[in-house]
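Bear in mind that the values in this text are calculations on the coordinates, not laboratory data. As the structure is a computational prediction, the values presented were derived from the model and not from experiment. Heads up, the Cβs are rebuilt from the backbone with ideal geometry, glycines too, and the neighbour counts pull from every protein chain shown.
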Number of protein chains: 4
Amino acid sequence: MSEPGSNGVIGAHTWAIAEGYIPSDSSGEGPALESHEAACLLNASGDHADVEIMVYFSDRDPAGPYRIVVPSLRTVHMRFNDLDDPEPIPRDTSYAAVIESDQPIVVQHTRLDSRQPALALLSTVAHPSFHPA
Amino acid sequence: MSEPGSNGVIGAHTWAIAEGYIPSDSSGEGPALESHEAACLLNASGDHADVEIMVYFSDRDPAGPYRIVVPSLRTVHMRFNDLDDPEPIPRDTSYAAVIESDQPIVVQHTRLDSRQPALALLSTVAHPSFHPA
Amino acid sequence: MSEPGSNGVIGAHTWAIAEGYIPSDSSGEGPALESHEAACLLNASGDHADVEIMVYFSDRDPAGPYRIVVPSLRTVHMRFNDLDDPEPIPRDTSYAAVIESDQPIVVQHTRLDSRQPALALLSTVAHPSFHPA
Amino acid sequence: MSEPGSNGVIGAHTWAIAEGYIPSDSSGEGPALESHEAACLLNASGDHADVEIMVYFSDRDPAGPYRIVVPSLRTVHMRFNDLDDPEPIPRDTSYAAVIESDQPIVVQHTRLDSRQPALALLSTVAHPSFHPA
């Protein structure tokens with residue numbers, strides 16, 4: 001059961017993250033300890049995955065799609081901080097995200113908050129949808 | 001697959017959060033760092049969602065319903081701290097919540113605890129129920 | 001859709017928590033800030049729930065069953081620290097738990113770790129099993 | 001419903017953790033407070049479980065399989081830090097993991113980050129796959 005790529009379908013085509021917020025402040029040094037929010041994408045399938053991300057807000061139309069490729073048998077730990085096409089994600093602003101992929105992937109959501117001089121972490125597997133995208 | 005509102009059903013009509021607790025103390029300054037608990041609601045559907053929240057306690061009857069609207073293609077990061085109709089949520093008290101929506105939504109639960117001078121975070125996608133409300 | 005007890009089945013009869021660990025040290029004062037681990041149980045059904053908990057270890061037979069009642073339309077935030085019948089949960093020891101209920105409930109797992117002078121939190125909805133207990 | 005091993009199937013055969021990262025730094029003393037990442041495995045079945053773990057990276061082929069046995073009615077809190085056969089997991093590097101078991105198990109993912117002088121925690125139940133491995 002251990003051949004890479006030989007396993008069955010792992011994951012889903014559509015994932016949602018309802019809690020998004022990038023603090024503008026950081027007390028850590030360097031990118032590792034900068035306040036950030038990430039969607040960690042795992043593609044354990046045999047084909048590369050084309051992924052599109054829509055970002056939702058409380059008071060304006062959604063932004064996106066943001067496009068990212070996750071190669072076969074690879075993981076991409078994508079920081080929302082780094083998205084800038086078609087537009088950057090505003091800081092200190094509540095948002096949410098829907099992630100759609102043409103291959104099954106697994107999505108886990110993580111935030112590192114270093115606004116205060118001791119970092120805090122949160123993480124949860126995102127909500128999968130098994131309906132066709 | 002990237003047209004807002006064109007995607008399939010994302011989420012569920014009923015969600016549960018079993019762990020609720022709003023600390024009465026905070027060491028941070030301003031509302032961003034005040035100890036708080038939130039239910040982040042994402043409505044990725046094409047229709048606005050009417051949402052009702054019932055809050056459960058250990059030793060009294062439930063409170064609610066609290067009513068909130070999540071417009072189409074919007075997210076609402078609702079703080080339990082701010083609920084006051086029909087009654088505020090008591091602090092330093094264990095509670096739980098059931099969230100029902102007439103449209104499919106996604107719910108993620110987050111707490112920021114700043115009782116001590118370094119904040120702590122927790123978050124998890126709430127428990128969805130796929131039975132009709 | 002807001003009548004307490006009128007909603008459909010919320011939750012599952014069997015839940016698992018694979019990550020259990022109660023630190024023996026605390027730096028906070030009082031029970032609220034004592035290092036602890038909790039299973040938060042929500043019974044949104046119309047009948048009281050009889051719950052049994054088995055605790056699993058790495059190197060000995062399971063402990064339990066621990067018995068607890070969750071009344072109808074109530075939540076119980078049960079601390080593993082407080083269990084003592086048939087035996088207390090050892091500190092600084094890895095464990096896991098399976099929670100079975102004769103009514104559908106929702107279980108969320110939370111730890112507050114105050115070993116260092118700034119508390120840390122983790123929480124996740126437990127893993128539900130939809131097979132009959 | 002409380003006989004150990006008498007309960008129905010608990011868990012799944014395949015689990016994914018999309019967010020993996022072992023910080024190389026720690027400020028705590030001793031193994032309990034060393035920065036670490038763990039997969040907590042619960043085998044509530046009546047048979048011992050042979051488990052294989054594949055680890056995925058952003059820019060190289062997967063590592064593994066790592067093999068581990070979880071005895072019947074036992075939990076193993078496996079630290080990724082301790083894996084070294086066929087190769088250790090690099091520090092300060094994004095990774096992901098797929099865990100396959102010949103018996104149903106439950107997997108929960110936890111990180112303790114003590115890079116700064118107040119530890120941070122994250123935890124989530126991993127993503128189960130109900131397709132055959």
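Values computed for the structure shown
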| item | result |
| --- | --- |
| 12 Å beta-carbon shell around C:W15, net charge (K/R +1, D/E -1) | -2 |
| Candidates per trypsin sites (Lys or Arg not before Pro) in region B:46-133, loop by DSSP, up to 15 other Cβ within 10 Å | B:R60, B:R91 |
| Residues C:H13, B:H36, sorted so that the one with the fewest Cβ neighbours within 10 Å comes first | B:H36, C:H13 |
| Residue mean of other protein chain beta carbons inside 10 Å, B:69-75 | 5 |
| At 0.890 mPa s and 25 °C, Stokes D of the protein assembly as shown from Kirkwood alpha-carbon radius, µm² per second | 107 µm²/s |
| Inter-copy spacing of D:R91 label points, which lie 7 Å from Cα along Cα→Cβ, given in nm from shortest upward | 2.9, 2.9, 4.1 |
| Charged-residue dipole, Cβ positions (Lys, Arg, Asp, Glu), the protein assembly as shown about Cα centre, Debye nearest 20 | 60 debye |
| Computed label-point distance, nm, for sites D:S58 and C:R60 using a 7 Å Cα→Cβ extension | 4.4 nm |
| At 7 Å out from Cα toward Cβ: D:G30 inter-copy label distances (nm, ascending) | 2.8, 2.8, 4.0 |
| Size-normalised alpha-carbon gyration radius of chain B, reference 2.2 N^0.38 Å | 1.09 |
| Gaussian network model of chain B, Cα within-10 Å springs - most flexible of B:D25, B:D59, B:D84 | B:D59 |
| Ascending count of other beta-carbon atoms within 10 Å, so fewest first, for A:I68, C:I17, A:I89 | A:I68, A:I89, C:I17 |
| Among A:P88, A:G11, A:H77 - extreme Cα towards positive end, dipole of chain A, charges at beta-carbon | A:G11 |
| Charge context of B:D102, other residues only, Cβ under 13 angstrom, K/R +1, D/E -1 | -3 |
| Ascending list, in nanometres, of distances separating the D:D59 label from those of the other copies (7 Å, Cα toward Cβ) | 4.1, 4.1, 5.8 |
| Loop-located chymotrypsin sites (Phe, Trp or Tyr not before Pro) in region B:42-133 whose Cβ has at most 15 other Cβ within 10 Å (DSSP) | B:F130 |
| Translational diffusion of region B:50-114, µm² s⁻¹ [Kirkwood Rh, Cα pairs; Stokes-Einstein; 10 °C; 1.306 mPa s] | 123 µm²/s |
| Two-site label geometry, B:D82 and D:D92: point separation in nm, points 7 Å out along Cα→Cβ | 4.1 nm |
| Net charge of neighbours whose Cβ lies under 10 Å from the Cβ of B:D50, counting Lys and Arg as +1 and Asp and Glu as -1 | -3 |
| Residue order, fewest to most surrounding Cβ atoms within 10 angstrom, among D:H77, B:H109 | D:H77, B:H109 |
